[in-house]
Structure formats: structure tokens, C-alpha cells
1. With region 1-101 as the region, which strands (runs of 3 or more DSSP E) entirely inside it contain at least 3 residues that are more than 18 Å from the chain's Cα centre (by Cα), at pLDDT 95 or above and not assigned by the TED database to the domain that holds GLN325?
2. Which of the numbered conditions does GLN325 fail, given that it passes all the others? Conditions: (1) open to solvent by 40 Å² or more (accessible area, probe 1.4 Å); (2) in a loop (DSSP other than H, G, I, E, B).
3. Between SER338, SER316, which is exposed (fewer than 14 other Cβ atoms within 10 Å of the Cβ) and among the polar types (S, T, N, Q)?
4. Being closer than 18 Å to PHE222 by Cβ, open to solvent by 30 Å² or more (accessible area, probe 1.4 Å) and part of a loop (DSSP other than H, G, I, E, B): is that true of GLU158 here?
5. Using beta carbons and a limit of 8 Å, which pairs, at least six apart or on different chains, have the first residue in region 307-320 and among the β-branched types (Val, Ile, Thr) and the second one modelled with pLDDT under 90 and part of a helix (DSSP H, G or I)?
6. Go through LYS256, LYS205, LYS285 for me and flag whichever is surrounded by 13 or more Cβ atoms within 10 Å (Cβ to Cβ), out of contact with any Cys (no Cβ under 6 Å at 6 or more places or on another chain), on the phi < 0 side of the Ramachandran plot and among the basic types (Lys, Arg).
7. When LYS262 is evaluated against the numbered criteria (1) over 30 Å from VAL184 (Cβ atoms); (2) open to solvent by 80 Å² or more (accessible area, probe 1.4 Å); (3) touching a residue at least 24 places away in the same chain (Cβ under 8 Å), which criterion, by number, is the only one it fails?
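The values are calculated or read from the model by the stated rules, or taken from the named source; none is laboratory data. This is a predicted model, so every value here is computed, not measured. Reconstructed Cβ throughout: ideal geometry from the backbone, glycine too, with neighbour counts over all protein chains shown. All accessible areas refer to the heavy atoms of the entire protein, side chains included, with ligands and DNA or RNA removed. Shrake-Rupley method; radii C 1.70, N 1.55, O 1.52, S 1.80 Å.
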Amino acid sequence: MAKSQIWFAVGTLALLLVSAIADDVVVLTEENFEKEVGQDRAALVEFYAPWCGHCKKLAPEYEKLGSSFKKAKSVLIGKVDCDEHKSLCSKYGVSGYPTIQWFPKGSLEPKKYEGPRTAESLAEFVNNEGGTNVKIAAVPSNVVVLSSDNFDEVVLDETKDVLVEFYAPWCGHCKSLAPTYEKVATAFKLEEEVVIANLDADKYKDLAEKYGVSGYPTLKFFPKGNKAGEEYEGGRDLVDFVNFINEKCGTSRDEKGQYTSKAGLVESLSTLVKELVAASDEEKKTIYAKIEEEVDKLKGSTAKYGKIYLKAAKNSMEKGSGYAQKEIDRLQRMLEKSVSPAKADEFALKKNILSAFA
């Protein structure tokens with residue numbers, strides 16, 4: 001199979017995965033605004049700027065609102081980045097951030113929202129204006145909440161890599177970080193050896209002092225090999241955290257929690273696979289034996305990847321050169337259906353590894 005075909009298949013998979021986990025708040029732009037707003041459903045639109053502190057504070061509440069109204073077909077919950085789409089924001093008289101406006105069904109004449117900026121208050125407004133009856137859904141958190149009772153058990157576990165945010169409930173920077181930190185935890189929720197946790201350092205001052213915390217938020221990383229903790233000094237955008245975890249923990253996740261195209265690949269095995277694919281029938285058995293030996297050396301999560309390589313190698317030998325591409329196509333069809341995150345992981349791993357055989 002040509003490299004261009006492989007990258008096309010991988011790229012198509014990536015697009016499918018991204019679309020399957022799109023945000024519940026619709027991202028509006030100059031290109032799609034009038035296709036989404038002023039049509040056959042009403043819309044609540046937040047006009048924001050990425051650097052705006054009040055916008056960051058609103059973000060988790062607005063995301064809760066979007067999640068709760070996701071199935072309400074008569075109402076759209078959307079947002080516009082005014083740094084990127086200045087002319088659109090200017091068109092609707094936006095002069096401060098965040099500005100929240102209500103667009104009735106079939107109308108591009110907005111009504112400004114002036115109420116409290118909580119998910120509950122926004123939902124009440126939308127229900128009154130749109131004739132809906134939606135309640136704010138409780139969103140489960142993937143951040144592990146630490147206390148004096150469980151801190152040592154979770155953080156000092158030698159089998160886990162643990163990132164800890166020491167925060168104070170009254171801290172503005174902590175509130176701004178909260179929605180991003182939740183997304184970090186969600187991105188790595190299927191990684192059994194990675195824990196994203198936080199501790200109320202105002203409530204558990206003794207633990208904060210023990211680890212040298214003097215300001216909020218303070219982030220410390222406790223890898224398997226260093227339970228004294230390391231200061232996290234990276235950026236505080238989602239991509240910064242994701243890159244840090246991937247580098248330190250050997251994971252391969254993107255910001256949405258999906259496996260990247262590198263997930264599951266073991267360099268030594270991929271090298272042997274290239275030899276196997278190019279080898280004569282007589283040579284294949286010898287190379288397969290080398291793959292078995294290499295798989296036996298693997299430990300932890302890579303041992304799981306080794307088993308996939310081994311099974312793929314065996315099937316490739318038995319079913320011929322077309323096997324890998326047929327299996328890639330089959331897995332892609334499965335991914336186009338509604339599958340659980342765990343199944344999506346399983347299929348993505350297999351596709352990545354099979355690409356070495358195609």
C-alpha cells in the first residue's frame with residue numbers, strides 16, 4: 001500500500017474521531033454564523049475573547065449549558081471568538097466581553113442577556129425565551145479529589161504517574177484553570193497509570209506546606225520514579241498539559257482524549273515488520289521468531305501492543321499481503337458507527353499497528 005493511501009486512511013480516521021466528540025457548544029464563525037443562527041431554531045450566542053478573565057470564568061458554566069441543551073433541537077448554544085472574527089462581533093455591537101445575545105428563531109435581531117452568568121440562570125432565560133424545559137445536567141468530573149485521607153494512597157502509588165493541582169477556592173487563577181484542568185483529566189481518563197488530581201490547599205494547609213506550596217495554583221508532578229514531586233513549569237493551555245503528560249508518561253493522546261497516530265507503535269517491532277513484509281516465504285518464519293522474542297521483552301502497556309503486532313504478523317503470513325488493508329478498512333467501518341471510547345481506543349491501536357503491514 002502506498003504511503004499516501006496510508007496517511008489518507010489515518011487522516012480520515014482522525015476526522016471521524018474529532019467529529020464524533022465535537023464540543024456541545026457550537027463554534028460560530030463568519031462563514032457559518034448565518035447558516036446556524038436566524039434559521040429554524042433559536043440561538044444563545046456568547047461573544048468572547050480568549051484572553052478575557054470573565055470569559056474564562058464563564059467557560060465551565062457555559063459548557064454545562066451546552067451539554068444540557070445538546071438534545072434540544074429548537075435551541076442552539078453557540079460562541080464566537082471575537083479575536084478571530086472581529087467584523088462579526090462588530091456587526092452585532094459587541095464592545096465588551098463576554099457579551100451574551102439571544103437570537104429568536106428566524107431572526108438575526110438579537111436581545112442582550114443581562115442576567116447572572118451561571119448555567120442555571122442562563123438555562124432559565126433560554127427556557128423562558130425558547131419555550132423549552134431543560135434542566136442543567138450534572139457533569140461528572142474526571143479529576144480525582146484529594147484529601148488528607150487519600151493523598152498518600154493516590155499520589156505516592158508507585159504504579160501511577162500523578163499530576164496534582166494545589167488550589168484555593170477563592171483563587172481567581174484557579175477558577176480560570178478549572179475548565180482546562182477538567183479537560184486534561186477527561187483526555188487521560190482511560191489511561192490506567194495516569195491520574196489527574198487536585199487538592200484544596202486552603203483546607204489541607206499541612207499537605208500544602210509539606211510540598212512547599214506558597215501560591216495558587218501550584219502544579220506538581222509525581223511520576224512513578226519520583227514521589228518527592230517535581231514542579232510543573234509548563235504552559236496552562238490544554239495542549240501544553242497534554243504534551244507534558246505524553247512526554248513524561250509515554251502516552252499518545254490528543255486534546256480530545258483520542259489516540260494519536262503514534263499510539264501503540266513500538267519502533268523495534270515496526271522495523272521487524274518492514275523486514276517481514278519484504279521477506280521471502282522462507283525468511284518470514286525466521287523474522288516472525290524474532291518478533292516473538294522482541295514481544296517477550298516488553299513490559300507494561302507496550303506488552304499489550306506487542307500482542308497486537310504478533311497477531312497481525314501471524315495473520316499477514318497466513319492470509320497474504322492484502323490482509324492488513326482489508327482489516328484497516330473493516331476497523332474504519334466499525335469506527336464510523338457509534339462505539340464506546342474504550343472500543344475506539346482498541347480499534348485505533350489496531351489501525352496504527354496494521355499500517356506498518358499495509
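1. Details: elements: 26-28, 42-48, 75-81.
It comes to 42-48, 75-81.
2. Result: GLN325 passes all but (2).
3. On the way: SER316 fails: exposed (fewer than 14 other Cβ atoms within 10 Å of the Cβ).
Sole residue among the options that is exposed (fewer than 14 other Cβ atoms within 10 Å of the Cβ) and among the polar types (S, T, N, Q): SER338.
4. Values: closer than 18 Å to PHE222 by Cβ: yes; open to solvent by 30 Å² or more (accessible area, probe 1.4 Å): yes; part of a loop (DSSP other than H, G, I, E, B): yes.
So GLU158 passes the test.
5. none
6. LYS256
7. (1)
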